[in-house]
Amino acid sequence: MTLSVPRRSPTGRPLARRWDPVHAMEDVYDRMGRLMRDVFGDTAVTAALRLPDRSAPADIEETDDGYLVEIDLPSAKRDDINLELRDNRLRIAGEIKERERTGTVRRRARRVGEFEQVIALPGEVDPERVAASLANGVLTIRLGKASAARPRRIEIEDP
């Protein structure tokens, strides 16, 4: 551990240093990572950064005829993602594999490892009207509403 010597003004008094909260949090994060690696090895650090511990950001949008779910899965491959629909629950599971590196990793903030997320949809879904695509790290799932759940316009007739 190194200690820094405070800079001094021309009068010999220590100069006030500005406190940067972002830098302080990054420093704490780095120190905790080193501590975990020293005590438990690299596998503990990888396990601490898995997606189940931090759910992936997801948006759910309801339209007249269905639902649109967008979930961020940067660097995930299509073959490593599994989607299941049961009743009105969408289960997204898979694995984000760590890429091979040639240099020394100084900071690891990207998530790697297995993940699972279950999203409860607000209404009934037609299982025949489901489509998914993965582009630019965003998984987009379009789910059509069941015909009973879709709004239906009713005409008022003259008596």
Counting only residues 5 or more apart in sequence or on a different chain, those whose built amide H sits under 5 Å from that of LYS145 are GLY66, TYR67, ASP126
Site ARG101, offset 7 angstrom along Cα→Cβ, radius 15 Å on amide nitrogen, limited to the stretch 70-84, gives none
Neighbours of ARG89 by Cβ distance under 14 Å: Lys/Arg at +1, Asp/Glu at -1, summed charge -2
Per the rule of 0.36 nm per residue minus the C-alpha distance, extending ALA24 to LEU83 adds in nm 17.3 nm
Per-residue Cβ contact counts at 10 Å, fewest first, order PHE40, PHE115 as PHE40, PHE115
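What is the order of THR63, THR104, THR140, fewest Cβ neighbours within 10 Å to most?
Details: THR63 10, THR104 5, THR140 14.
So the residues, fewest neighbours to most, are THR104, THR63, THR140.
Only the coordinates and a few stated rules stand behind these numbers; no lab work does. Quantities reported herein were computed from a predicted structural model and do not represent experimental measurements. Cβ coordinates were reconstructed from backbone atoms using ideal geometry, including for glycine residues, and neighbour counts include every protein chain displayed.
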